[in-house]
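The structure under discussion appears below in the form of C-alpha cells.
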C-alpha cells in the first residue's frame, strides 16, 4: 500500500504544534506525520513527539526551506509516494490534506497548491501582501506559463517525483515559494490548485513580517527570474520523463 | 601649463626611491605572511595563488615603475596611485565575490550535514527504543 506523509517544519512552535499534529492525525489517519524541529529552544520536538508525530531535530536552525527539504529526504528514503507539507503555526487546516492529495492520487497532477483566493475563502490577507501575491502570480504566469491564483501558498501536496526534484541543490533553503513553482513547471511537473481555507496564525508571527518582507520580495523576484532562465538539469526532469516512458 | 604637461608631471613625479622601498616592503611582507600562514596551516594552499600573484604584481611594479606609468597611460588615469587603487579595488571585488561563492557552497554543505544528522539521530533513537 502506498505510504503518505505530512511534513510539518517547526521552529519554536510549542504553542501550536500539539494541536496541529493532533488535527493532522484526526483528519488524515492514513498519513504519517513528520515534524522537522528546526533547532527550536522551546520544547517543540518533545511536544510534537508526545502528540504522536515522528520528529527529526536539526542540531541548529537552518531555515524553513532546509527544514522542508529534510522532510523530502526523509520521505524519499522511507518509501513515501506522496507528501503534503503544511505550516506548524496553525494557519493551514489539516482537514484539507486529503483533498489536496486527491489530484495526485488520481494521476491528474504532480504538485497541488492550496489556494486562499476563491469565492468562499474567509482568509483575510493584508493589502500589501495581496499586492505582493498578485506580483508573484503575474511573474509565475509570464515566466512559466502556469496560471496559479496563490503561488505563495505553503500548503502543498507533492508527488514522489517532485520530492526528488526538491531534494536537489536547486531547492532554495530559505523561503521556497513562487520560485520553486517556476522551477517545477520548467522541469515538467504538472501543477494544479485546490481551494482551501486558511486561518490566522495561532503560534508565532509570520516569517514574512516587518522589514523582512522587503528582502523577501526582492529575493523572490530575483529567484523567479533566475529560475525562468536557469538550465534545467535533465536528471531531475523526472515527472516528464516518467510520463514519456509510460 | 597644458593639461598634457600637467599629466606628464604627475606621472614623472612618481619615480622615487621611497615609493620603490614601500612597494618592495609590501610585496615581501605579503610573500612572508602568505607562506607563514600556509606553514601554520591557517591558509589552504589552494587559496595561495591569488595572494602570491598579487604579491608578485606589487614586486614587479616596485622594480619597474615605468610599467606602472605605462599602465596608467593605458587605462587613461592621471596618476600612478589612481592606477594602483583601481586595480586594488578590482582585486578586492574579485576576491570578495570568490569568497561569496565559496561561502555559498559551504553553507549548502553545512545544511546538508545538519539534515543528515537529524535523520541519523532519529534512526539511533528508534534503534534504542
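We did not get these values from a lab; they are worked out from the coordinates using the rules stated. Worth saying up front: this structure is predicted, and the values here are computed from it rather than measured. We place every Cβ from the backbone using ideal geometry, glycine too, and count neighbours over all the protein chains shown.
Across peptide A:57-66, the average count of Cβ atoms from other chains found within 10 Å of a residue's Cβ is 4.
Each listed q (0.10, 0.11 Å⁻¹) maps to a log10 I(q)/I(0) for the stretch A:1-100, found by the Debye formula over equal Cα scatterers with no solvent: -0.22, -0.26.
Convex hull volume of the Cα atoms of the protein assembly as shown, normalised per residue: 217 Å³.
List the residues of the stretch B:37-59 whose backbone N lies under 19 Å from a point placed 7 Å from the Cα of residue B:91 along the Cα-to-Cβ direction. Residues B:37-38, B:43-59 fall inside that zone.
Most exposed first by the Cβ proxy, i.e. fewest other Cβ within 10 Å, how do A:6, A:36 rank?
Starting with the residue having the fewest Cβ neighbours, the order is A:6, A:36.
Each residue in B:120, A:143 was given a count of other beta-carbon atoms within 10 angstrom of its own, and listing them fewest first yields B:120, A:143.
Using square roots of five times the C-alpha gyration tensor eigenvalues, list the equivalent-ellipsoid semi-axes of the stretch B:3-128 in whole Å, biggest first. Working shown, then result.
On the way: eigenvalues 459, 62, 12 Å².
For the stretch B:3-128, the ellipsoid semi-axes come out as 48, 18, 8 Å.
Counting Cβ atoms of other protein chains within 10 Å of each residue's Cβ and taking the mean over peptide B:115-127 gives 5. Remark: relative contact order (chain A) = 22 percent; criterion is Cα-Cα distance under 8 angstrom and separation of 6 or more residues.
Take A:162, A:146 and order them by how many other Cβ atoms sit within 10 Å, fewest up front.
Working: A:162 28, A:146 22.
Going from least to most buried by this count: A:146, A:162.
Based on Cα atoms of the stretch A:132-181, Rg over Rh with Rh as the Kirkwood radius reads 0.97.
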